[in-house]
Structure formats: structure tokens, C-alpha cells
1. Do we have residue B:201 as surrounded by fewer than 21 Cβ atoms within 10 Å (Cβ to Cβ), out of contact with any strand residue (DSSP E or B) (no Cβ under 6 Å at 6 or more places or on another chain) and not in a helix (DSSP H, G or I) here?
2. Only residues that are over 26 Å from residue A:17 (Cα atoms), assigned to a loop (DSSP other than H, G, I, E, B) and in contact (Cβ under 8 Å) with a residue 40 or more places away in the chain: list them for segment A:74-112, please.
3. Only residues in segment A:123-138 that are over 19 Å from residue A:104 (Cβ atoms) count as the first member; pair them with residues that are crowded, with 16+ Cβ neighbours inside 10 Å, Cβ under 7 angstrom, at least 6 apart or cross-chain, and list the lot.
4. Is it the case that some residue within segment A:156-173 is out of contact with any helix residue (DSSP H, G or I) (no Cβ under 9 Å at 6 or more places or on another chain) and either modelled with pLDDT of 95 or more or more than 18 Å from residue B:19 (Cα to Cα) (or both)?
5. Quick test of your reading of the structure: residue B:100 fulfils all but one of (1) modelled with pLDDT under 80; (2) facing chain A (nearest Cβ under 9 Å). Name the failing condition by number.
6. Do you know which residues across segment B:235-252 are within 16 Å of the chain's Cα centre (by Cα) and either under 21 Å from residue B:212 (Cβ atoms) or touching a residue at least 24 places away in the same chain (Cβ under 8 Å) (or both)?
7. Residue B:313 is checked against (1) within 25 Å of residue B:268 (Cα to Cα); (2) at pLDDT 80 or above and fails just one. What number does that condition carry?
8. Quick check on my filter: what residues within segment B:30-63 are free of Cβ contacts under 8 Å to residues at least 24 places away in the same chain, more than 7 Å from every other protein chain (Cβ to nearest Cβ) and part of a loop (DSSP other than H, G, I, E, B)?
């Protein structure tokens with residue numbers, strides 16, 4: 001057990017080296033951090049480890065990452081990308097282990113997704129939703145949440161696919177129908193607004209301009225944050 | 001996402017913009033999840049958020065048609081149908097469109113009342129009319145026309161015995177808002193008072209309305225008569241069910257408080273005293289004597305308080321002497337007398353009289369409440385002597401129940417500390 005703990009801590013050594021080199025933490029502080037990390041690692045090696053132990057370690061690592069970022073900021077430096085990357089990798093690993101062991105725990109899944117959202121890891125969010133939906137396909141609220149994320153990320157097609165896939169396993173869900181209905185209305189609202197923009201462009205521009213804007217990137221017209229914020233689902 | 005410009009006419013015909021997809025979802029939902037009116041309502045609620053767009057009307061019309069086809073036996077369906085006509089012309093008061101939409105709505109309500117002549121349907125219609133009267137506040141002519149229509153329809157509703165109590169109570173909010181005098185709506189109100197003459201809520205609401213509307217010299221006489229009439233009617237109520245009785249008692253207490261507040265605020269000393277003295281005597285014609293006793297008990301305490309308010313402390317004592325042995329005997333009456341007698345602002349404290357009040361109160365309520373004994377002991381320590389306080393202590397120990405006696409001993413020790 002100790003060798004596994006030791007190996008996991010050694011994997012974090014590059015982070016501590018960088019932090020020491022960048023004088024983000026004092027020697028004593030680093031020693032204390034290593035001690036706490038070691039303690040958490042030992043906890044995760046226990047046979048009877050429960051969800052709380054994972055959560056405690058994840059929370060500690062997330063707080064540590066925030067502290068590192070603040071310290072860099074205080075020193076007038078940009079956060080070392082290697083440190084940030086490795087910390088995020090470690091947190092992701094911990095989350096993965098936690099959700100693997102507690103797949104039925106929705107709050108854990110959503111914590112992982114929220115972490116990915118905060119760190120703008122779009123591909124990971126998609127993967128997480130897909131993985132989660134493989135396990136919890138019978139829960140309409142998760143489909144709705146996934147569709148909401150897809151809509152907010154401006155991938156209408158993906159959102160619609162989520163809804164349509166959701167009906168395969170939840171064909172009698174009233175909530176799903178109502179939210180799908182809302183989604184389609186929002187989509188019409190979106191394209192109505194696009195149309196307004198296009199008509200305005202058409203009215204205001206002369207023939208030469210029209211030739212320039214003969215083709216319009218409609219993605220630009222649907223970036224309105226208010227429009228996206230209007231997309232309010234009952235489940236959050 | 002790159003698209004070519006399309007001709008505008010083509011965009012107008014677009015099935016997506018016309019809301020065909022949401023319509024399809026709506027249809028599928030009802031097929032899959034069952035045809036329930038409440039489920040349809042959920043969709044309509046969602047749609048309300050998009051009222052400013054063109055597609056809103058198309059989808060709503062589709063949904064309303066569906067509702068009409070499948071749920072025409074539901075009052076709320078008709079209400080929704082009628083209101084959706086009116087919503088199309090919101091914020092266009094005075095315009096011909098507004099007038100026509102109002103007429104259309106009324107026609108829908110009329111059709112609804114033909115198919116579904118229920119109390120609730122009438123309530124929806126009459127409340128709609130009152131709302132419309134309120135909305136037409138900018139134009140007195142339209143407002144008065146709508147008011148006339150309301151009175152006419154209201155009379156019809158009464159003639160068909162479809163006027164519900166909740167509507168009767170709600171309409172007073174509007175009457176107050178428009179400052180409608182009772183003469184305008186007298187016939188309807190009289191019918192209501194006759195129908196629910198034993199209902200406290202109805203009397204309470206009606207008298208409150210009259211109090212807010214009538215401000216002329218006659219108003220006091222009218223309100224006084226109304227209160228007295230209401231009390232006479234309410235004392236004739238006899239309820240068998242305990243829950244109904246509890247509800248009634250609660251409402252009755254509120255009504256009595258309103259009456260007492262009004263008397264003390266609006267009438268002079270003489271009139272005030274006369275009314276309270278009359279109410280102190282149990283009304284033997286009451287069917288539920290329990291209620292009459294309650295009223296008399298409250299009024300006995302209020303009488304003392306009122307006389308004291310007018311600064312006539314001798315009269316307070318005389319009233320006490322007159323009523324303290326008269327049924328119903330209540331602890332509040334004695335406590336009120338003691339409060340007034342021992343009040344620091346009372347310069348003419350009569351110690352033997354106060355002691356007498358204590359003794360009389362303890363004669364009736366000396367077994368159940370140790371707080372009365374404690375108060376008496378404190379009084380004796382302050383105005384009498386420690387020997388007398390000690391007598392009170394011994395008497396209390398003899399008279400109080402074992403549990404109360406223990407509590408008394410504990411708290412008595414705290415007095416000395």
C-alpha cells in the first residue's frame with residue numbers, strides 16, 4: 001500500500017519542483033502540502049474507502065489549484081501552464097476514480113461536470129455526459145441537462161440529438177416532452193432573431209455590400225448571451 | 001453554419017418558423033403520455049414566455065383548438081380561450097380592436113355558459129368583466145358600459161342561483177377599487193347577504209367594504225346597524241362539525257375585533273359604553289350559547305379598557321363591581337381590572353380594592369394558574385407587607401394543584417432572589 005502512495009506522490013513531484021522553482025510556496029508550506037496529500041493518498045488506499053474520502057481529496061486539490069493560481073497572480077506572474085495542467089490531470093483522475101466507484105451517485109457526476117465547465121473543457125463535458133447517460137439513461141433530467149449544455153455551447157444539433165435519444169428510454173416522460181418543446185421554441189426564437197438581423201443587413205447595405213455579405217456566418221448572429229441565458233430548464 | 005440569403009416570402013412560409021416542430025412535439029406528447037388537461041396547461045405555460053414572437057399566435061391557436069376539441073367540459077379551457085382572444089390586443093385600450101376583442105371574449109364566455117353553466121364558469125366570466133372594467137380606467141364611457149354589463153350579468157347569475165361565495169367575496173375588492181357605492185350593486189349584495197346570512201366571512205368582508213366606501217354623515221349609523229344585524233344573524237348559527245365550528249370561531253373572533261375597533265375609534269363615550277354594556281350581557285336568544293358567552297366575556301374586558309381610555313377610573317371600578325359576578329366569569333376580566341388598577345399611571349391606586357379583585361379572581365381561578373398567586377404575592381410585597389405575602393404563599397400551596405404548586409414554589413423563591 002505504501003509503495004502505491006509513494007508512487008502517486010512521486011507523480012506529483014514535477015508540480016512541487018515547479019512550485020519551488022517559481023517560489024510560489026515556502027519550503028515549510030510545500031512540506032505541509034506533501035504531508036496532507038500523502039494523508040489523502042493513504043485514505044484512498046483503504047479497502048473501505050467511501051465517497052467522502054474522494055470528495056475530501058478532490059476538494060483539497062481544487063482549493064490548492066486555486067491557491068496556486070492566486071499566489072502566481074500575487075507574484076505578478078502567469079500561472080505556470082505545466083503546474084496547472086498537471087493539477088487538472090490529477091483532479092480529473094481523482095474524479096474518474098470516484099465516479100467509477102460510485103456510478104450511481106449523480107451529485108458526483110455533476111461535480112465532475114461542473115469542474116470541467118469551470119475549466120472550459122468542452123470535449124470532456126461531452127464525454128462525461130455521454131458516459132453518464134450510458135449508465136443513467138432512464139433519468140430524463142440528465143438528458144435535459146446534457147441538452148441544455150449542448151444548447152449553451154451553441155451545438156443545436158447535438159442538443160436535439162440528446163432529446164431524441166432520450167425518448168428511446170423515456171418515451172413516457174412528460175418533463176422531457178415539455179423541455180423538448182421549450183427547446184424547439186427557443187430554437188425558433190433564435191432563428192427568428194437571425195432572420196431579423198439578416199433583413200436589417202439586407203435593408204441597410206447597398207448592392208456592393210450585399211455582394212460582400214452574400215453569405216453570412218450565422219454563428220455570429222446567435223452568439224447573443226441574453227438569448228442563450230433565456231434557455232432556462234427546470235433542471236439545473 | 002453558412003446559408004445563402006433566401007427570399008423573404010420563402011422565410012415567411014418556413015415550416016420551422018411557423019412552429020411546426022413544437023406542434024409535432026405537442027401532439028406526440030399527448031399521444032405518448034395521455035390526454036390530460038393539466039399536461040396541456042404545462043405546454044401553454046411554456047409558450048407564454050414567447051408571446052412577443054410571430055410563431056406564438058400560430059402555436060397557441062393550434063393548442064387552443066386542441067383544448068377546445070378535447071376538453072370543452074373544463075371551465076379553465078373556456079377561460080383560456082376567452083382570455084387568449086383578449087391578449088392579442090393588449091395595451092390597445094380605446095381602439096376598435098380592443099372593443100372587438102372584448103366582445104369576442106364575451107361571446108366565448110356566453111358560449112361557454114351555454115355548454116357549461118356552472119358556478120365556476122360564471123365566476124370566471126364575472127371576474128373577467130371586473131378585470132376589464134379595471135383595465136378601461138382611462139375611458140370612463142367604456143368603463144361605465146362594462147360596469148353595466150357586469151351588473152346585468154351578475155343579476156342573471158343570481159337569477160340562475162350560480163353566484164358562488166368566493167366570487168361574492170372577491171367582487172368587493174373591485175368595488176372598493178372603483179369606489180362603487182353600495183347603491184350601485186345593492187340588489188346583488190342584498191341577495192348575497194340573504195344567501196349567506198349566517199356566514200361570518202361574508203358579513204366581515206361586506207362591512208369592511210361599506211367602511212371603506214361610505215364616508216358621509218349617515219355612514220356611522222349604517223355601519224352600526226349592519227354590525228348589530230350581523231351579530232344577531234351570526235348568533236343564530238349552530239354548527240355540528242367540530243372543524244367547521246373551529247373555523248367559524250376563528251372568523252367570528254376576527255369579526256368581533258373589527259366591531260370593537262370600529263366602536264372605540266368611531267363612537268363617543270356614551271354610545272360606546274352603551275353598546276359594550278349591552279354586549280356584556282349574554283344574548284339568550286343565541287342558538288349557540290357558547291358563542292354568546294364568548295362575546296360577552298370579551299366585551300366585559302373591553303368595557304373596562306374603554307372606560308379607562310376615557311379617563312374615568314371611578315366608572316371603571318363601578319363597572320367592575322357591576323359585572324364581576326355576572327356570567328360569564330372570565331379570568332381576562334379580572335386581569336384587565338388588575339392591569340388598570342395597578343398601572344403606574346393610575347394615581348388613585350386603591351390597595352384594598354385591588355386586594356379584593358385578587359381575592360375574587362383567586363376564588364374562581366385559584367387552582368389552575370400559579371402566575372395569579374405570584375402576582376398577588378408581588379403585590380402584597382410592594383403595597384402590603386411580607387406577612388401578607390407569606391399568607392398568600394401558604395394559601396397558594398393549599399389551593400394550587402400539586403404540579404402548579406411546585407412551579408409556584410420555584411418561582412416564589414426567585415422573587416426573593
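The values are calculated or read from the model by the stated rules, or taken from the named source; none is laboratory data. Owing to the predicted nature of the structure, the values given are computational and were not obtained by experimental measurement. Counting neighbours? That spans all protein chains shown, and the Cβs are built from the backbone with ideal geometry, glycine included.
1. no
2. A:102, A:105
3. A:124/A:116; A:125/A:113; A:125/A:116; A:125/A:117; A:125/A:149
4. yes
5. That leaves (2) as the condition not met.
6. The answer is B:248, B:249, B:251, B:252.
7. (2)
8. Within segment B:30-63, B:34, B:36, B:49, B:52 meet the criteria.
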